[in-house]
Amino acid sequence: MSENRTTPFAYIAEFGSAPELYHAAEHVRDAGFKRWDVHTPYPVHGIDKAMGLGKSWLSTCSLIGGVTGFLTALSLEFFTQVMLYPTVVQNKPTNLSTIPAFFPVMFELTILFTAFATLIGLCAFIMLPRWNHPLFNSALFNKFSDDGFILVIESRDPKFRKERTREFLEEIGAGEIELLEA
Amino acid sequence: MAGLKDADDFRDGEHFKGGGLLKFLLLGGGVLFAIIFIVLAATGGAEQEGGYSRSGAMAYSWLFAIVFFLTLSIGGIFWTLLHHASNSGWGIVVRRMMENIGTMVLFVLILGIPLVTVPTFKEALWEWIPLKAALDEKVDARYEEGAVAKLKGEYEAGQKTAQSEFDAFKAQNLADQAKARPGAKMALSDQLAKQEADLAKVTEHDLSEGALKEEIAKEVYLDHHDGNYMLWKKRGYLNEGAWTFRFVLYFIALVGIIYALRFWSVKNDKDGDPKWFLLQRKWACGFLPFFATAWTFLVFDWLMALDYTWFSTMWGVYLFAGSALNSMALLILVITVLMKVGYLKKVVTPEHYLLMGRLLFAFTVFWGYIAFSQFFLIWYANITEETRFYLQRNAEFWNMYTILALVVGHFFIPFLMLLIQQAKKNLTYICTASAWILCMHVLDIYWIIIPERGPSLTDGGMMTIPGAIWYDVIAFLAVGGIFGFFFLWRLGTASLFPCRDPRLDESLNVVN
């Protein structure tokens, strides 16, 4: 709450229902905005399409994590148990045929690394470890966790204009509109 | 959201017409191959080089064909039950097809009856049947030569002798006691009590006819040279009466479950009364345990018992995983073909394909998990009774077969194919994957049944029977043709989707 809160941070607009927000999102997408988001009390099916979001890269992170885990376990077990220090258990061979014994560890490490990669990747994409966010200063924004269908256009967006954007939001059917300053 | 479909537009359903020529071809082909099969099997009694008969080799072919198509219909029953039990809404539009696949269980099981009734077939397939019959014959011969009366006489004579010996001992003992000092007297009376207890053991021996017969049978079964300890221990389960009776129970359970569900489902099409829907939901949960038990024990009786000395507690789950996976693959293929010829076009969307593709992927992994677990537990425990199954399937030709068909073909390739999300919405791609999985499932069932054929029929003399693969092909085509015919006929008997299901709306507009 500093004294010189003069730079606008974002427009926060409330919509009456999920379908209204859905159509508004389509308009915002078509208007060419890039730095914006919607917030709803519950998941809305198909909103990603209405917002024009592409496929998330998160699954690539998971895949890389999975493959890394698989290869880590494979090389760890193979180098130690077959090549460096062959361990004979129950007269089973110490060569490529030992591989069934390695599967459980390979399976576990694949899953473990996938989970880590997914979590870390997700945090990186959404820049999560942070102390606060300017949007939390808005009472209107906080309605998203209750009954509000909120659309936020940030001022970082190259198409953001103080007056024109407000008019645009009114045009596409926004109810209450708030200019949040940070 | 624009473009929502209204279930009221679909109230009358879609009815499958046509397929007449294909139906005719399938039935004609199926019956033709069946006749060839029957003729070959009926005239194949003569003993070939190696000590097997052609009829015996063909029994395995028929079992292979029956089990393959049985797994498909079992999967259909499972998906229908699961759909109701989990109260799913997404798949209403494909549920009728699950029911259609499931009801094929009736025709497949009817075609499978020869396996249970024709002596040549069952004796070739299940070694325990002739082995047990031979032992029972021996037991009967013992009965006929009066072994029961003889044994009874022996026991009675023994009892008499024991009684008189005891009487003498007692008289002596009492006399000794009268003379003895107090300490010794106690020891003597203890001795007497012990002798009396021993006598009771002999005199109280059960001499009823049933008990004596059991004793004689046990003696024959446990004979060191010709006996069979396993068959004695397993006689309560592995005997022909109980085995045939169980088949009747499986038949009633599996056919009854799916026909009841489909009956209510079709009733619902006519009047749209939600009570039919509720009936299905309610009963599906009750049916599930019976379905699981019937299928598990059916595969115990038919497949695990191909080698009666071997056992695996994973067996039921293993066959179940394959069934569910391949029934889903068949479902996807059937829906796609129907869409290609103009049905279900407004009803089924790529979203349904994505959902079905996910289940296909999930069950690919599940199958791999179960198959590997079964192998792994047996492999590292390395117990003689259990390893036999895998040793046989890792010898000679079967080694490469196991690695290529099952490890690579049945698991790794479909796993990588179905890993990509967008691919599951692509009709061509997912159908390729489904067809591939179905082909691999044929190899899986082949791998379960056929390696037993050579060693069983030739007493370990041959790993494989030369030329027998053609009988497998003929049997497969025969059962497949008849299966296809009844399936096409079944498609025409009701709407292609449950058109008045209360939650059709939800399924029509499903979004992931």
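The values are calculated or read from the model by the stated rules, or taken from the named source; none is laboratory data. Predicted, not measured: the structure shown is a model, and the values here were computed from it. Note that we place each Cβ from the backbone using ideal geometry, even for glycine, and neighbour counts take in every protein chain shown. Accessible surface areas use protein heavy atoms only, side chains included; no ligands, DNA or RNA. Shrake-Rupley method; radii C 1.70, N 1.55, O 1.52, S 1.80 Å.
Can you tell me which residue within the stretch B:321-380, out of those that are among the small types (Gly, Ala, Ser) and open to solvent by less than 10 Å² (accessible area, probe 1.4 Å), is nearest to the other protein chains (Cβ to nearest Cβ)? Full working, then the answer.
Of the residues in the stretch B:321-380, the ones among the small types (Gly, Ala, Ser) are B:321-324, B:327, B:329, B:342, B:357, B:362, B:368, B:371, B:373.
Keeping just the survivors that are open to solvent by less than 10 Å² (accessible area, probe 1.4 Å) gives B:321-324, B:327, B:329, B:357.
Working: B:321: 17, B:322: 20, B:323: 24, B:324: 21, B:327: 26, B:329: 24, B:357: 15 Å.
Going through the qualifying residues, I end up with B:357.
Return the residues of the stretch A:70-95 that are assigned to a helix (DSSP H, G or I) and either within 11 Å of chain B (Cβ to nearest Cβ) or surrounded by 12 or more Cβ atoms within 10 Å (Cβ to Cβ) (or both); say none if nothing qualifies.
A:70, A:71, A:72, A:73, A:74, A:76, A:77, A:78, A:80, A:81, A:82
Any chance the stretch A:27-38 includes a residue that's in contact with a Phe, Trp or Tyr (Cβ under 9 Å, 6 or more places away or on another chain), away from every other protein chain (no Cβ under 14 Å), part of a loop (DSSP other than H, G, I, E, B) and surrounded by 17 or more Cβ atoms within 10 Å (Cβ to Cβ)?
Yes, some residue in the stretch A:27-38 is in contact with a Phe, Trp or Tyr (Cβ under 9 Å, 6 or more places away or on another chain), away from every other protein chain (no Cβ under 14 Å), part of a loop (DSSP other than H, G, I, E, B) and surrounded by 17 or more Cβ atoms within 10 Å (Cβ to Cβ).
Quick test of your reading of the structure: residue A:143 fulfils all but one of (1) out of contact with any Gly (no Cβ under 9 Å at 6 or more places or on another chain); (2) in contact (Cβ under 8 Å) with a residue 60 or more places away in the chain; (3) over 17 Å from residue A:14 (Cα atoms); (4) open to solvent by 60 Å² or more (accessible area, probe 1.4 Å). Name the failing condition by number.
(3)
Here are B:23, B:5: which of them is outside the structural domain of residue B:470 (by TED's automatic domain parsing) and out of contact with any Pro (no Cβ under 7 Å at 6 or more places or on another chain)?
On inspection, the qualifying residue turns out to be B:5.
Hey, can you tell me all the residues within the stretch A:5-26 that are of a type outside the set (Phe, Trp, Tyr), in contact with a helix residue (DSSP H, G or I) (Cβ under 9 Å, 6 or more places away or on another chain) and within 14 Å of chain B (Cβ to nearest Cβ)?
Matches in the stretch A:5-26: A:18, A:21, A:23, A:24, A:25, A:26.
Condition first: outside any helix (DSSP H, G or I), within 18 Å of residue A:115 (Cβ to Cβ) and within 12 Å of chain B (Cβ to nearest Cβ). Now tell me which residues in the stretch A:55-69 satisfy that.
Selection gives A:56 alone.
Need pairs with beta-carbon distance below 9 Å; first residue at positive phi and within the stretch B:327-345, second outside any helix (DSSP H, G or I) and aromatic (Phe, Trp, Tyr); sequence gap 6+ or separate chains.
B:344/B:497
So is residue A:45 within 23 Å of the chain's Cα centre (by Cα) and within 14 Å of chain B (Cβ to nearest Cβ) or not? I'd like the intermediate steps shown before the answer.
On the way: within 23 Å of the chain's Cα centre (by Cα): yes; within 14 Å of chain B (Cβ to nearest Cβ): yes.
Criteria met by residue A:45.
Might you let me know whether the stretch B:25-37 holds any residue that is more than 30 Å from residue B:341 (Cα to Cα), aliphatic (A, V, I, L, M), modelled with pLDDT of 90 or more and within 32 Å of the chain's Cα centre (by Cα)?
For the stretch B:25-37, residues more than 30 Å from residue B:341 (Cα to Cα), aliphatic (A, V, I, L, M), modelled with pLDDT of 90 or more and within 32 Å of the chain's Cα centre (by Cα): present.
When the stretch B:83-111 is examined, which residues are found to be touching a residue at least 60 places away in the same chain (Cβ under 8 Å), within 21 Å of residue B:359 (Cα to Cα) and assigned to a loop (DSSP other than H, G, I, E, B)?
Of everything in the stretch B:83-111, those that are touching a residue at least 60 places away in the same chain (Cβ under 8 Å), within 21 Å of residue B:359 (Cα to Cα) and assigned to a loop (DSSP other than H, G, I, E, B) turn out to be B:87, B:89, B:90, B:91.
Given the criteria open to solvent by less than 80 Å² (accessible area, probe 1.4 Å), modelled with pLDDT of 85 or more, in contact with a Phe, Trp or Tyr (Cβ under 8 Å, 6 or more places away or on another chain) and not β-branched (Val, Ile, Thr), does residue B:207 qualify?
no
Whether any residue in the stretch B:113-122 is more than 19 Å from residue B:70 (Cβ to Cβ) and of a type outside the set (Phe, Trp, Tyr) is what I want to check.
Checked against the condition, which is being more than 19 Å from residue B:70 (Cβ to Cβ) and of a type outside the set (Phe, Trp, Tyr), the stretch B:113-122 yields at least one hit.
Condition check ((1) under 30 Å from the mean Cα position of the chain (by Cα); (2) of a type in the set (A, V, I, L, M)) across all residues:
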| site | (1), (2) |
| --- | --- |
| B:180 | no, yes |
| B:186 | no, yes |
| B:208 | no, no |
| B:212 | no, yes |
| B:236 | yes, no |
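When you scan the stretch B:436-458, do you find a residue that is closer than 23 Å to residue B:100 by Cβ, open to solvent by 10 Å² or more (accessible area, probe 1.4 Å) and in contact with a Lys or Arg (Cβ under 7 Å, 6 or more places away or on another chain), even just one?
no
Exactly one condition in (1) farther than 22 Å from residue B:438 by Cα; (2) in contact with a Gly (Cβ under 7 Å, 6 or more places away or on another chain) is false for residue B:326; which is it?
Single failed check for residue B:326: (1).
Of everything in the stretch B:229-247 that's in contact (Cβ under 8 Å) with a residue 24 or more places away in the chain and farther than 15 Å from residue B:123 by Cβ, which residue is surrounded by the fewest Cβ atoms within 10 Å (Cβ to Cβ)?
Checked the stretch B:229-247; the qualifying residue surrounded by the fewest Cβ atoms within 10 Å (Cβ to Cβ) is B:230.
Looking at the stretch A:96-123, which of the residues that are more than 14 Å from chain B (Cβ to nearest Cβ) and without any contact (Cβ under 8 Å) to a residue 40 or more places away in the chain is surrounded by the fewest Cβ atoms within 10 Å (Cβ to Cβ)?
A:123
Which numbered condition in (1) open to solvent by 60 Å² or more (accessible area, probe 1.4 Å); (2) more than 11 Å from every other protein chain (Cβ to nearest Cβ); (3) modelled with pLDDT under 95 is the only one that residue A:52 fails?
Here residue A:52 meets the rest and fails (1).
Scan the stretch B:381-401 for residues that are away from every other protein chain (no Cβ under 12 Å) and β-branched (Val, Ile, Thr) and report the count.
So the count comes out to 1.
Run residue A:45 past the list (1) free of Cβ contacts under 8 Å to residues at least 40 places away in the same chain; (2) in the same structural domain as residue A:157 (by TED's automatic domain parsing); (3) assigned to a helix (DSSP H, G or I); (4) not aromatic (Phe, Trp, Tyr) and report the number of the one that doesn't hold.
Among (1) free of Cβ contacts under 8 Å to residues at least 40 places away in the same chain; (2) in the same structural domain as residue A:157 (by TED's automatic domain parsing); (3) assigned to a helix (DSSP H, G or I); (4) not aromatic (Phe, Trp, Tyr), the lone unmet condition for residue A:45 is (3).
Based on what the data block shows, is residue B:156 exposed (fewer than 11 other Cβ atoms within 10 Å of the Cβ) and modelled with pLDDT of 85 or more?
Details: exposed (fewer than 11 other Cβ atoms within 10 Å of the Cβ): no; modelled with pLDDT of 85 or more: yes.
No.
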